[in-house]
Amino acid sequence: MKYNILLLLFLFLSCTPVDNEAEFKKNCPYELQFPGHNLRVPVTIEPHQLVYELGDTLKISAIFTDSIYDLGTAQTFLIENFPFKPVSLLFNVEENTSHTSGYGPNDLHISSIFSPDIFGSSSLANGYNARAIYSDGEYKFESELILKQTGRYILFFSDVYETNLNSGFAELNYEADAITFEGKCPTLGYRICSVIESGDDHLEEFESELLYLDNEVYSGKLGSIESSIGPLGAGGIRLEWNGGFGFEVVE
C-alpha cells in the first residue's frame, strides 16, 4: 500500500509540468516571439530628417487604430480603451562629456487635451508625461517642438507603463493591467514598444552619444534588440522599442 501511494505521488509530480504546459498552450495558442504582449505603438516624426536648422518645427506623434499588432505573439488584436501614456525625454549631448535637457531651450507645444505634465530631472533631462486620446477606434497623441538651440540630440519616446516597469514600480500600472481583450493570454503581461515608424532612427550615427548616456545616465541599461548599435549590449531599455531617435540641429 505504501509503495502504491509513493508511485501515485511520483506520477502526479511527473505529470504536473506537462499538464501546466498543455494548459498554457490551450489558453495561449501562439508561438511567442518575445515574452508578454508587446504592443507596438508607431511613432511618427515629421519632417523626418537627420539634420534640422534653427527655427524648424518637429511634429512628434503617435496615431494608430485600436487594431494593435503584438510583437510578442505576432498577432493583431482589437484592444479598446487602453490607457496609453506617452512619456518623453530629450538629451542634448555635448562633445560626449556632458549633456543638457533638450526640451529646456527649445519650444515644446502639447495641447491640454493630452493632459501634459512637464517635469524636470537633474540626472536625466526635462521631459513630459501625457495621455493619448481614444476616440472612434483610434488612439492619438501629438506634440510640436520648435528648435532654438544647435546640438546633437537623442530623443526617447516611450510610455509611462515602461517607466514604471523599469523603475520597479510595476504596481502603478494597475489601470493598464486591468485591460483585457479577445485572444489575450491570461498569464501574460504587457510591454509597450514605441517604434519610430516614419524612417531611419539614425541611432547608428550617434553611437558615441548613446555610449555616453549609457555610462553616465542609464548605468549600462541601454541596449539594442539585436545588439546592432555599436558597443551597446542587450540592456533592459531597448532603444528601438523606446522611440530612440537621433538628430542634429545646425545654424
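Computed from the coordinates by the stated procedures, all read-outs in this text should not be read as laboratory data. Worth saying up front: this structure is predicted, and the values here are computed from it rather than measured. All Cβ positions, even for glycine, are placed from backbone atoms using ideal geometry, and neighbour counts span all protein chains on display.
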| If you work out mean projected area of the Cα convex hull in nm² from the coordinates, which of (i) 21.7; (ii) 14.3; (iii) 16.6 do you get? | (iii)
| Net length gained if the chain between Ser111 and Glu94 were fully extended (0.36 nm per residue, minus Cα distance) | 3.1 nm
| said: Let's test the formula: R0 of 22 Å, r as the Cβ-Cβ distance of Gln149 and Val51. What FRET efficiency results, to the nearest 0.05? | reply: 0.95
| message | I'd like the GluC sites (Glu not before Pro) in the stretch 45-135 restricted to DSSP loop residues with at most 14 other Cβ atoms within 10 Å, sorted by number. | response | Glu80, Glu95
| Against the longest principal axis of the chain, how steep is helix 207-216, in degrees 0 to 90 to the nearest 10, with axes from Cα atoms? | 70 degrees
| Once both axes come from the Cα atoms, what is the angle between helix 2-27 and the longest principal axis of the chain, in degrees from 0 to 90, rounded to 10? | 40 degrees
| task | Take the alpha-carbon centre of the stretch 81-118, take the same for the stretch 65-79, and report the distance between them in whole Å. | result | 27 Å
